[in-house]
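Following: one structure in structure tokens, then a few remarks.
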Amino acid sequence: MNREYWNGLANKYEDEIFDVLSSDKKHLICKLIKKYGGAAKTAGDFGCGPGRFLPMLSANFSQVNAIDISYKFIASAKNKYKHLSNIKYITTDLAKSGLRLEKTHFALSVNMLIMPALATRVRILDVMAKHILKNGHLVLVVPALESAMLTDFRLIEWNLRDGVSPSSAERASFGSPKKSNRRYLRQGIVPIDNVPTKHYLKEELIAMLESRKMRIINIRKIEYLWKTEFASPPRWMKEPYPWDWLVVAQKTK
């Protein structure tokens, strides 16, 4: 992964990076942290960023490993949560070959597996699966490809309702895709604020986790309001809402 990219993002993270914790209307992730927590259990936050989930993890597990590639994120989390004594901060590249970490009962990864490079995503997923104890649990949050397509459809619909012709509405929403982007689209790589970002199909998630000895317990949507996609969405734009996939899986071996 590109450490300097994430270090550069650290100073403007709060303004530019989508806050899953505060946008999770039903508090689904926090409920799962409480469900799988325990006084004798340990947890790993893979790609912790500035540590938004660390207070919740700290309160529900005996030990928490906060892991991120960015030393600036780690420094920020350390300073903000210095009153939490059961957090161990680890600065490392999760895609690094031969990486060894402490195995934990629980692993959390929130919108970290989003880089466009397949080889990097595969290595990180292997590392996460390897460092979960047998019968331990993974809670994984990733962008949904279907949601990205729904957002594009809503933008077209918005243009049509404003009296724009179908051809103009389509161009306004999608533009003219470059030939170099077509391969990306087939792999679920969709730009977010012009940054190529991996989005996932539900079936894709099932296949890639089951191949790593992870039994799928549940896959559901974390739904967000339309204001997370558009600055001023019209009042008629309601359900269905945009979403991320929330996956719960258990390590079987």
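The values are calculated or read from the model by the stated rules, or taken from the named source; none is laboratory data. Since the structure is predicted, the reported quantities are computational estimates derived from the model, not experimental observations. Positions of Cβ are generated from backbone atoms using ideal geometry, with glycine treated the same way; all protein chains shown enter the neighbour counts.
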Pair list, Cβ < 9 Å and 6+ apart or interchain, from the stretch 174-196 residues that are within 25 Å of TRP158 (Cα to Cα) and part of a loop (DSSP other than H, G, I, E, B) to residues that are hydroxyl-bearing (Ser, Thr, Tyr) and modelled with pLDDT of 85 or more: GLY188/TYR200
So which pairs qualify, if the first residue must be in the stretch 227-253 and touching a residue at least 40 places away in the same chain (Cβ under 8 Å), the second must be acidic (Asp, Glu), the Cβ gap must be under 8 Å, and the two must be at least 6 apart or on different chains? PRO242/GLU223; PRO242/GLU229; TRP243/GLU223
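Each row is one residue, and each column tells you yes or no for (1) assigned to a loop (DSSP other than H, G, I, E, B); (2) surrounded by 15 or more Cβ atoms within 10 Å (Cβ to Cβ); (3) of a type outside the set (Gly, Ala, Ser).
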| residue | (1), (2), (3) |
| --- | --- |
| ARG212 | yes, yes, yes |
| LYS221 | no, yes, yes |
| LYS227 | no, no, yes |
| MET237 | yes, yes, yes |
| ALA249 | no, yes, no |
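When residues of the stretch 51-92 are filtered for being charged (D, E, K, R) and free of Cβ contacts under 8 Å to residues at least 24 places away in the same chain, how many remain? Break it down stepwise before answering.
Residues of the stretch 51-92 charged (D, E, K, R): 52, 68, 72, 78, 80, 82, 88.
With free of Cβ contacts under 8 Å to residues at least 24 places away in the same chain added as a condition, the list becomes 78, 82.
Counting residues in the stretch 51-92 that are charged (D, E, K, R) and free of Cβ contacts under 8 Å to residues at least 24 places away in the same chain gives 2.
Being part of a helix (DSSP H, G or I) and surrounded by 14 or more Cβ atoms within 10 Å (Cβ to Cβ) is the filter here; which residues of the stretch 78-121 pass it? Break it down stepwise before answering.
Of the stretch 78-121, the ones part of a helix (DSSP H, G or I) are 78-80, 118-121.
Within the stretch 78-121, LYS78, LYS80, THR120, ARG121 qualify.
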Of the residues in the stretch 58-98, those that are of a type in the set (Phe, Trp, Tyr) and modelled with pLDDT under 95 come to TYR71, PHE73
